[in-house]
Amino acid sequence: MNTHILKFLNYLALQRRYSKLTVQSYQNDLLLFETYIKQHFDIAPNACNRKQIRAFIAHSMQQGLNASTVNRRLSVVKSFYRFLVLEGIVSSHPARTLSGPKKAKRLPVFISEEQLQGMFDAVTYPLGFSGIRDKTLMDTLYQTGMRRAEIIGLQHENVDMHGLQLKVMGKRSKERIIPFGMHLARQFELYITEKSKYGFHHPHFFLTNQGAPLYPVFVQRLVQRILTEVTTVHKKSPHVLRHSFATHMLNAGADINAVKELLGHQSLAATQIYTHNSISELKKIYAQAHPRSGQ
């Protein structure tokens, strides 16, 4: 791997404090970039001009990749060159003015409140530790809007049963506080009691049947299995529960800035996508409440 790429990845991990998964994603894209540039132009990735970088983006589009993937690759290359300029390795940023393909606007997938209630009323969870853990995990994802990585990384010491709040480590090591209600508190108590019966005392809050921290595939498979029992939506993932949390909060009249803080978004624009889903709820309320809505 190119030495400048290695230096950039170390910068992301040590100074920017990006997660291991994020750094790995950057590495994968930059390796693809390096391979293409070497094969087609026989130069190092830090020696490209605007035309050569644009050729890499065009090649990515010709592979049939979606706009999000192509734009992510371009964003990674741009970040790499910003670093090279910052370090004085190159004098100018050749990709600065390049733009990727336009993304089709898609609304976040969410599940109705009635269907999600089925996670607790209709789904039969196994007896013992695994069943209580699975139900607690599903309830936590829906009631807090946490990301998959956040719930995997949740520490036992950051679950404040007295204050009814969680301290969550979000993207780029940014901490936030998420409140929870008595219903989830009672579920936490059941889980903690059951966990202690097995002698599990790991710092991580959610554990496997062997007492080890959860891992991404475990959470993904659990969510997919449970949601398959209650909904027919095509996408079934932890992020769909996060979308549902935000949509249901806004539908119930929650302030959008409060929802932004709960989700850990850096900008309000990231939260505003959920207001589009709420329009359908507003139309329903309007049709029911306005005297002339039926004319």
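Of note:
- Odd one out for A149, checked against (1) crowded, with 16+ Cβ neighbours inside 10 Å; (2) over 25 Å from S19 (Cα atoms); (3) not hydroxyl-bearing (S, T, Y): (2)
- Lone qualifier among L31, L21 - being surrounded by 13 or more Cβ atoms within 10 Å (Cβ to Cβ), at negative phi and not in a loop (DSSP other than H, G, I, E, B): L31
- Test set (1) surrounded by 11 or more Cβ atoms within 10 Å (Cβ to Cβ); (2) modelled with pLDDT under 95 - L214 fails condition number: (2)
- The set of residues from the stretch 79-104 being out of contact with any helix residue (DSSP H, G or I) (no Cβ under 9 Å at 6 or more places or on another chain) and among the basic types (K, R) comprises just one member, R82.
- Against the list (1) part of a loop (DSSP other than H, G, I, E, B); (2) within 24 Å of the chain's Cα centre (by Cα); (3) closer than 20 Å to V223 by Cβ, the condition P126 fails is (2).
- Members of the stretch 153-187 found to be among the aliphatic types (A, V, I, L, M) and touching a residue at least 60 places away in the same chain (Cβ under 8 Å), listed by number: V168, I178
- S68 of a type in the set (S, T, N, Q), at negative phi and modelled with pLDDT under 90: yes
- The lone exception for F120 - which of (1) in a loop (DSSP other than H, G, I, E, B); (2) under 17 Å from E229 (Cβ atoms); (3) of a type in the set (A, V, I, L, M, F, W, C) it fails: (1)
- The set of residues in the stretch 45-59 that are more than 14 Å from K102 (Cα to Cα) and surrounded by 17 or more Cβ atoms within 10 Å (Cβ to Cβ) comprises P45, N46, C48, Q52, I53, F56.
The values are calculated or read from the model by the stated rules, or taken from the named source; none is laboratory data. No experiment lies behind these values; they were computed from the predicted model shown. Cβ coordinates were reconstructed from backbone atoms using ideal geometry, including for glycine residues, and neighbour counts include every protein chain displayed.
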